Amino acid sequence: MTLYLDTSAVVKLYADEHGSAATRRAVAEADLIASSIVTYTETRAALSRKYRTRKIDAAAFARSKAEFESDWKGFVIMPVDTQTIRSAGEFAEQFGLRAYDAVHLATANSFSRETVSQVRFACFNAALNRAASTLGLMPMVS
């Protein structure tokens, strides 16, 4: 199974939150993990925010960053090109999505057209999951 992770799913791999266990299981079962290049910056920002707001301590912050950096090397990283941005603009309008949610949807949609296997879409945003389903992506959670 091929799994596309948006940032909300990636963060759940490194910080215990609702959905972390399911995300970790899905990653363990996946043959291939893909994400957008923007996920790197979004994840680092999210982990940093958790540290600044004291949701994680310094040791957990250092560990989560190190684990993320190591895991990132094994992800298939999808670029964000002009076509992806244009598609994201259309999806933002069509589905009422926030900008980076639309970028993730456009990236996953493009990735699913390039691969022969069904792409499972991991995110924790109901509107984004509905949009993904509409495009034929299989949400990890509904």
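Tabulated values for the structure
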item: Check on Thr134, out of contact with any Phe, Trp or Tyr (no Cβ under 7 Å at 6 or more places or on another chain), of a type in the set (Val, Ile, Thr), surrounded by 15 or more Cβ atoms within 10 Å (Cβ to Cβ) and in contact (Cβ under 8 Å) with a residue 12 or more places away in the chain; result: no
item: Unmet requirement for Ser35, which otherwise passes all of (1) within 17 Å of Leu13 (Cα to Cα); (2) touching a strand residue (DSSP E or B) at 6+ places or on another chain (Cβ under 8 Å); (3) surrounded by fewer than 13 Cβ atoms within 10 Å (Cβ to Cβ); result: (3)
item: Among (1) under 24 Å from Ala127 (Cβ atoms); (2) touching a residue at least 24 places away in the same chain (Cβ under 8 Å); (3) part of a helix (DSSP H, G or I) - the single one Leu97 does not satisfy; result: (3)
item: Total residues in the range 58-95, condition among the small types (Gly, Ala, Ser), surrounded by 17 or more Cβ atoms within 10 Å (Cβ to Cβ) and farther than 16 Å from Val27 by Cβ; result: 3
item: Qualifying residue in the range 85-93 (condition: of a type in the set (Ser, Thr, Tyr) and within 19 Å of Val141 (Cβ to Cβ)); result: no
item: Odd one out for Thr23, checked against (1) under 25 Å from Thr82 (Cβ atoms); (2) touching a residue at least 60 places away in the same chain (Cβ under 8 Å); (3) of a type in the set (S, T, N, Q); result: (1)
item: Failed item in (1) at pLDDT below 95; (2) outside any helix (DSSP H, G or I), with Val80 passing the rest; result: (1)
item: Condition check for Ala59: modelled with pLDDT of 95 or more, assigned to a helix (DSSP H, G or I) and small (Gly, Ala, Ser); result: yes
item: Residue in the range 115-125 that is in a helix (DSSP H, G or I) and without any contact (Cβ under 8 Å) to a residue 60 or more places away in the chain present; result: no
item: Meets criteria (within 14 Å of Ser110 (Cα to Cα), aliphatic (A, V, I, L, M) and in a helix (DSSP H, G or I)) for Ala88; result: yes
item: So Val10, is it assigned to a helix (DSSP H, G or I), among the aliphatic types (A, V, I, L, M) and touching a residue at least 40 places away in the same chain (Cβ under 8 Å); result: yes
item: Glu42 being assigned to a helix (DSSP H, G or I) and either surrounded by 15 or more Cβ atoms within 10 Å (Cβ to Cβ) or without any contact (Cβ under 8 Å) to a residue 40 or more places away in the chain (or both); result: yes
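The values are calculated or read from the model by the stated rules, or taken from the named source; none is laboratory data. What you see is a predicted model, and the numbers here were worked out from it, not measured in a lab. Backbone-built Cβ (ideal geometry, glycine too); neighbour counts: all protein chains shown.
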